[in-house]
Amino acid sequence: MPLAYWIAPESQLVFVCGHDTVTEREALALRYSLYTHPQFDPSYRELIDQRRVTAMKMSEEGLKRLATLNPYRAETRRAVVAPDEMVYQMARRYQQSRPRNRDTIEVFQSWLAALDWLSLTEGDLPGGKPQWTSEADLAPESGEQESRT
């Protein structure tokens, strides 16, 4: 399960965690699932942990589509943690491709800096079984490319 999310109403947080290779199809499936989840609130903060992501297979078109499918409110704070340079650059391209005035998203290479920016502590993070996980054996769609910029 390269992608999973937890919704923590008590912390007003959506926590997304990725590992290994994340594909465009998985990222879009996560977005659709999150948007329709009954516990989702568009005012919740979002923390996207990409510390264990090793590669991303996403086209520029897919990145732009993902950026426009944003269910969050304009005042919502979102943080991406991506210490790997390739993943960090992909997250920055995502940040820059979003429509203006959608929400506030920052990309960090430091876990602690992201937590601080979101006014979170480790104790605010949800545990237990995630509400959603991607399936590791999804067949890649044509047009997906591995990005190593």
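Some notes on this structure:
- For PHE108, PHE40, order by how many other beta-carbon atoms lie within 10 Å, fewest first: PHE40, PHE108
- Full-extension gain in nm, TYR35 to ASP116, via 0.36 nm per residue minus C-alpha separation: 26.6 nm
- Fewest neighbouring Cβ atoms within 10 Å first, the residues TYR44, TYR88, TYR35, TYR5 line up as TYR35, TYR88, TYR44, TYR5.
- Relative to the longest principal axis of the Cα atoms of the chain, helix 24-36 runs at roughly 30 degrees.
- Taking θ as phi - 60° and the Karplus parameters 6.51, -1.76 and 1.60, the scalar couplings of the stretch 90-95 work out to 5, 5, 5, 5, 4, 4 Hz in sequence order, x denoting glycine and proline.
- The chain: calculated mean residue ellipticity at 222 nm from DSSP helix runs of at least 4, using -39500 (n - 2.57): -8500 deg cm²/dmol
- Signed unit charges on C-beta, dipole axis of the chain, positive-most listed residue TRP132, PRO38, ALA67: ALA67
- Share, in percent, of DSSP beta bridges within the stretch 3-123 that are antiparallel, nearest 5: 25 percent
- Debye equation applied to the C-alpha atoms of the chain, log10 I(q)/I(0) at 0.10, 0.17 Å⁻¹: -0.30, -0.95
- Of all the options GLU46, GLU85, GLU60, the one that moves most in a Gaussian network model of the chain with Cα springs shorter than 10 angstrom is GLU85.
- Only Lys, Arg (+1) and Asp, Glu (-1) charged, at Cβ; the chain dipole about Cα centre in debye: 440 debye
Each reported figure results from applying straightforward, stated rules to the coordinates on display, with no laboratory input. Just so you know, these numbers come straight off a predicted model, no measurement behind them. Note that each Cβ is placed from the backbone with ideal geometry, even for glycine, and that neighbours are counted across all protein chains shown.
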